[in-house]
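The values are calculated or read from the model by the stated rules, or taken from the named source; none is laboratory data. This structure is a prediction, so every number in the text was calculated from the model and none was measured. Neighbour counts are summed over all protein chains in view; Cβ atoms, including those assigned to glycine, are modelled from backbone coordinates with ideal geometry. Accessible surface is based on the protein model in full, side chains and every heavy atom, while ligands, DNA and RNA are left aside. Shrake-Rupley method; radii C 1.70, N 1.55, O 1.52, S 1.80 Å.
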Amino acid sequence: METLVRGFWFVDPEATCKAVATYANTMDTRKGGSMDRILVHGREVSGLGIDAETRCAHYASDRDVLAIRFPCCHRYYACFSCHQALAGHPAARWSAERFDVRALLCGVCGYEMTIREYLAAEHRCPACRAAMNPRCAEHHSLYFAL
């Protein structure tokens, strides 16, 4: 189900979400902690206890399926708290003039949406229509300079 290649755990995309979530949220004794980097639809995403649809130890509901690329390091993280825990530097926010950058990754289908698309999407992925957590809007100020 999983393969270690150059320090990254690759999760079989055909595996069921339940099986992947169970694995991702257990301690991995080969690394000394829970998973912190995986490929999600071919893109590296970091997070504490991350699963194949980008849920993490901080946000793990069925609708928490969105990762964000941070402008400070151009890396995807499951959430702001995961960036704080793993990045080793302060998070930067996306400025309004950069809202056309593809910076959000749907963990369900792998679509990379622009910030503008995400903000207009009404809590659904524009590509696959998967439901996204509407409570994420409470945290927009952590990610976007609105």
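Select from the stretch 48-143 those trypsin sites (Lys or Arg not before Pro) which occupy a DSSP coil region and have at most 14 other Cβ atoms within 10 Å, ordered by residue number.
R129
Taking 0.36 nm per residue of separation and subtracting the Cα-Cα distance, what length does fully extending L86 through H74 add? Present the calculation step by step, with values, prior to reporting the outcome.
Details: separation 12, 0.36 × 12 = 4.32 nm, distance 1.38 nm.
Contour length minus Cα-Cα distance gives 2.9 nm.
Applying the Karplus parametrisation 6.51 cos²θ - 1.76 cosθ + 1.60 with θ = phi - 60° to the phi angles of the stretch 45-60, what ³J(HN,Hα) value in whole Hz is obtained for each residue in order, glycine and proline being reported as x?
10, 9, x, 7, x, 5, 10, 5, 10, 6, 5, 9, 5, 8, 9, 9
Report the gain in length on full extension from A60 to R98: 0.36 nm times residue separation, minus Cα-Cα distance, nm rounded to one decimal.
Numbers: separation 38, 0.36 × 38 = 13.68 nm, distance 2.83 nm.
Gain on extension, A60 to R98, equals 10.8 nm.
Could you please report the charge total around R75, scoring K, R as +1 and D, E as -1 over all other residues with beta-carbon less than 9 angstrom from its beta-carbon?
Taking every other residue near R75 into account, the sum is 0.
So who's got an amide H within less than 5 Å of the one on R75, skipping anything under 5 residues away but keeping other chains? H placed 1.01 Å off N, in plane.
F70
Work out from phi, with θ = phi - 60° and the Karplus expression 6.51 cos²θ - 1.76 cosθ + 1.60, the ³J(HN,Hα) of each residue of the stretch 135-145, listed in order in whole Hz, and give x for Gly and Pro.
So the J values, rounded to whole Hz, are 6, 4, 4, 5, 10, 3, 5, 6, 10, 10, 8.
Heavy atoms of the protein only, probe of 1.4 Å, neighbouring chains included. What is the accessible area of S95 in Å², nearest 10?
The accessible area comes out at roughly 30 Å².
With Cβ to Cβ distances under 10 Å as the rule, what net charge do the other residues near A127 carry (K, R +1; D, E -1)?
Here the charged neighbours net out to 0.
Ranked by accessible surface with a 1.4 Å probe, highest first, in what order do C73, C125 come? Don't jump to the answer; show the numbers that get you there.
Values: C73 30, C125 0 Å².
Ranked list, largest accessible area first: C73, C125.
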